[in-house]
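Below is one structure; the comments refer to it alone.
The values are calculated or read from the model by the stated rules, or taken from the named source; none is laboratory data. Please read all numbers here as calculations on a predicted model, not as lab measurements. A quick note on method: Cβ atoms are made from the backbone with ideal geometry, for glycine too, and the neighbour counts reach across all protein chains shown.
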Amino acid sequence: MSGLSELVGVLKAAGEDTRLRLLALLADGDHSVKDLTEILDQSQPRVSRHLKLLADAGLVQRHAEGAWAYYRLAPDGQGANLARWLTARIDPNDPERQRDRMRQTEARAEQQALAAAYFAKVAKSWDLLKTLHVPEAAVEAAVLAELGGRSVDLLVDLGTGTGRMLEVLAPAYMRGVGIDASREMLAVARSRLAASKVSHAQVRLGDIAALDPAIGPADVVVIHQVLHYFDDPGRMLAQARRLLKSGGEILIVDFAPHDLEFLRSEHAHRRLGLSQEQMNGWAAIAGLEVLSMREFPSDTKDRGLTVCLWHLGDRNTTEQSNA
Ligand SMILES: C[S@@+](CC[C@H](N)C(=O)[O-])C[C@H]1O[C@@H](n2cnc3c(N)ncnc32)[C@H](O)[C@@H]1O
């Protein structure tokens with residue numbers, strides 16, 4: 001329930017042509033101010049002013065990412081309800097709406113092309129690594145199975161890349177957050193999540209080596225093929241632990257120890273796989289415990305890598321439940 005003047009304020013914020021168009025665009029997924037400016041073909045200060053009014057009224061949420069800002073529909077509250085109610089009633093055949101949609105699709109295609117240019121640079125390593133992996137599908141199914149059919153409140157995917165884990169695990173969480181340091185990877189992730197209609201996940205630019213604990217508290221943290229890029233995976237684990245709520249869990253997918261030195265010299269790997277012993281040690285220091293580990297040997301005979309899936313739990317909770 002709200003006071004009359006508060007309600008009038010929310011209605012006034014939504015009751016304007018450009019602002020209604022913005023709400024309709026944001027109902028379809030997160031957008032940067034830059035995207036929205038291009039789609040609406042209006043000046044950036046003008047679009048920012050409209051967005052600020054919508055945010056002040058609780059209709060949308062702003063998330064700053066370095067020099068850029070992203071907007072999304074507010075996830076809850078009176079403004080969120082009104083925004084969803086209104087946008088569901090806009091005729092999809094309205095000519096202005098159709099034009100906005102078309103420009104939205106074009107903007108996404110441009111981002112995909114930019115990201116593709118980035119991937120083109122690393123394409124060699126991705127292709128090579130794929131032949132060294134076990135089939136991704138087996139690992140992905142195992143990660144989902146590890147959550148045992150539950151749907152947790154908050155799942156955070158560290159080093160989310162193109163957002164594949166957020167997509168695969170979408171049935172297992174109510175809210176998903178992916179963090180990555182690459183704008184190009186995040187552009188692909190945003191498109192992927194929008195295309196697969198995963199509206200309960202968002203991705204953010206961020207350094208996972210210096211995590212803001214306010215991102216949590218998370219029930220589950222996922223770290224998929226990321227730790228080997230860090231000199232000190234234990235430090236990363238301690239960071240991840242800070243995001244967890246009591247009783248939370250961490251799922252890690254990474255390579256078992258290997259001797260492919262060229263992955264270090266040519267593909268930016270720092271660690272040549274992670275051993276069970278190392279993982280036990282890092283986990284203990286971070287206040288975690290390894291609950292289980294599964295191995296997925298390579299199905300390529302030549303120079304194959306084994307992929308491991310570790311399931312870690314909060315040590316305090318496991319000790320209490322064993323007592
Ligand atoms: C090999 S990709 C894995 C992506 C994704 N987890 C997956 O398995 O599909 C590693 C990702 O870690 C990200 N990354 C590396 N260092 C990072 C850092 N310090 N902060 C945030 N992301 C980082 C990279 O940008 C990249 O997207």
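A compact table of results
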item	result
All positions within segment 246-265 that are away from the ligand (no atom under 12 Å from the Cβ) and free of Cβ contacts under 8 Å to residues at least 60 places away in the same chain	ALA256, PRO257, HIS258, ASP259, GLU261, PHE262, ARG264, SER265
Residue count for segment 140-160, restricted to those that are crowded, with 20+ Cβ neighbours inside 10 Å and within 14 Å of the ligand (Cβ to nearest atom)	7
Matching residues in segment 221-244 - criterion: being in a helix (DSSP H, G or I) and either within 12 Å of the ligand (Cβ to nearest atom) or of a type in the set (Gly, Ala, Ser) (or both)	LEU227, HIS228, TYR229, PRO233, GLY234, ARG235, MET236, ALA238, GLN239, ALA240
Residues within segment 266-323 that are modelled with pLDDT under 75 and of a type in the set (Val, Ile, Thr), tallied	3
Lone qualifier among ALA268, ALA201, ALA187, ALA214 - being more than 30 Å from GLN104 (Cβ to Cβ) and either in contact (Cβ under 8 Å) with a residue 24 or more places away in the chain or among the basic types (Lys, Arg) (or both)	ALA268
Tally, over segment 73-96, of residues that are surrounded by fewer than 17 Cβ atoms within 10 Å (Cβ to Cβ) and either in a loop (DSSP other than H, G, I, E, B) or touching a residue at least 40 places away in the same chain (Cβ under 8 Å) (or both)	13
Condition met for ALA195 (surrounded by fewer than 16 Cβ atoms within 10 Å (Cβ to Cβ) and closer than 30 Å to ARG101 by Cα)	yes
Candidates ALA170, ALA218, ALA194, ALA214, filtered to the one that is within 16 Å of the ligand (Cβ to nearest atom), at pLDDT 85 or above, farther than 11 Å from ASP157 by Cα and among the hydrophobic types (A, V, I, L, M, F, W, C)	ALA170
Members of segment 173-191 found to be within 11 Å of the chain's Cα centre (by Cα), assigned to a strand (DSSP E or B), crowded, with 21+ Cβ neighbours inside 10 Å and more than 9 Å from the ligand (Cβ to nearest atom), listed by number	GLY176, VAL177
Scan of segment 42-90 for residues that are within 20 Å of ALA214 (Cβ to Cβ) and among the aromatic types (Phe, Trp, Tyr), ordered by number	TRP68, TYR70, TYR71
